[in-house]
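Undergrad: This is the structure I want to talk about, given as structure tokens.
The values are calculated or read from the model by the stated rules, or taken from the named source; none is laboratory data. Nothing here was measured: the structure is a model prediction, and the numbers come from that model. As a convention, Cβ positions derive from the backbone with ideal geometry for all residues, glycine included, and neighbour counts pool all protein chains shown. Surface accessibility is based on the protein's heavy atoms, side chains included, excluding ligands, DNA and RNA. Shrake-Rupley method; radii C 1.70, N 1.55, O 1.52, S 1.80 Å.
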Amino acid sequence: MPAARPPAGGAREVLLLPANPWFIALTLALALFIDFLPLGRLPWLPDLVALTLVFWNVHQPRRVGMTVAFVLGLVVDVQQGAVLGQHALIYTVLSYFAITLHRRLLWFPPLQQALHVLPLFFAAQLLQLLVGMWAGGTFPGWSFFLAPVLQAMLWPLWTWLLLAPQRRAPDPDRNRPL
């Protein structure tokens, strides 16, 4: 019997195991914890909660939806002392568009996915700026728009990290092709 060949593009397709709901919750909680570290209010820091939320909205839209995004946004609002509902609105809008694009995004490799999610992160950052300024805040400077670029640059690494537990073979067998 001939050996299976990889697809013409050179990329190797891998079947993924289902995502464990506890792993999804753990990654979202870990992203919250990292965002809550007292690093100061640097405007260019990437929002890891938004990055993780968009990742799970793309890969598991039925498990992580807009309700989870809204609740996470309220938690971030309370922790940061922001206008109540600011991050809830931003994360909900971000989740809506990520879920809308999830079928399209999965056709691309992670580097090209990063280019597709960059406008989402940029729009979320712009919405955060507009809501913050509407509530009486000041313009944080142009470095504020560096955060979406850093989030998009982290997307391939985040994809590799969060999909790693799903890539392992449940029962490796040399005689079975899948």
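Undergrad: Could you compute how fast the stretch 46-139 diffuses translationally, taking Rh as the Kirkwood radius over C-alpha pairs and applying Stokes-Einstein at 25 °C with viscosity 0.890 mPa s? Give it in µm² per second.
TA: On the way: Rh = 13.4 Å.
Taking Rh from Cα pairs, D becomes 183 µm²/s.
Undergrad: How high is the FRET efficiency between H116 and L16 when r is their beta carbon distance and R₀ equals 25 Å, given to the nearest 0.05?
TA: Approximately 0.80, to the nearest 0.05.
Undergrad: How large is ³J(HN,Hα), in whole Hz, for each residue of the stretch 47-58 in order, when computed from phi with the Karplus curve 6.51 cos²θ - 1.76 cosθ + 1.60 and θ = phi - 60°, using x for Gly and Pro?
TA: 8, 6, 5, 5, 5, 5, 5, 5, 4, 6, 5, 6
Undergrad: Can you tell me the order of 22-29, 102-109 when each peptide is scored by its average per-residue count of other Cβ atoms within 10 angstrom, highest first?
TA: Order by mean packing, descending: 22-29, 102-109.
Undergrad: Another question, then. Can you bin every Cα-Cα distance in the stretch 57-101 into 10 Å intervals starting at zero and give me the percent of pairs per bin, rounded to whole numbers?
TA: Over the stretch 57-101, the share of Cα pairs per 10 Å bin runs 35, 47, 18, 0 percent.
Undergrad: Output ³J(HN,Hα) for the stretch 130-135: one whole-Hz value per residue in order, computed from phi by the Karplus curve 6.51 cos²θ - 1.76 cosθ + 1.60 with θ = phi - 60°, and x for Gly and Pro.
TA: 5, 5, x, 6, 5, 7
Undergrad: Quick one: order D77, D47 from most to least accessible surface, probe 1.4 Å. Numbers along the way, then the final one.
TA: Values: D77 0, D47 35 Å².
From most exposed to least exposed: D47, D77.
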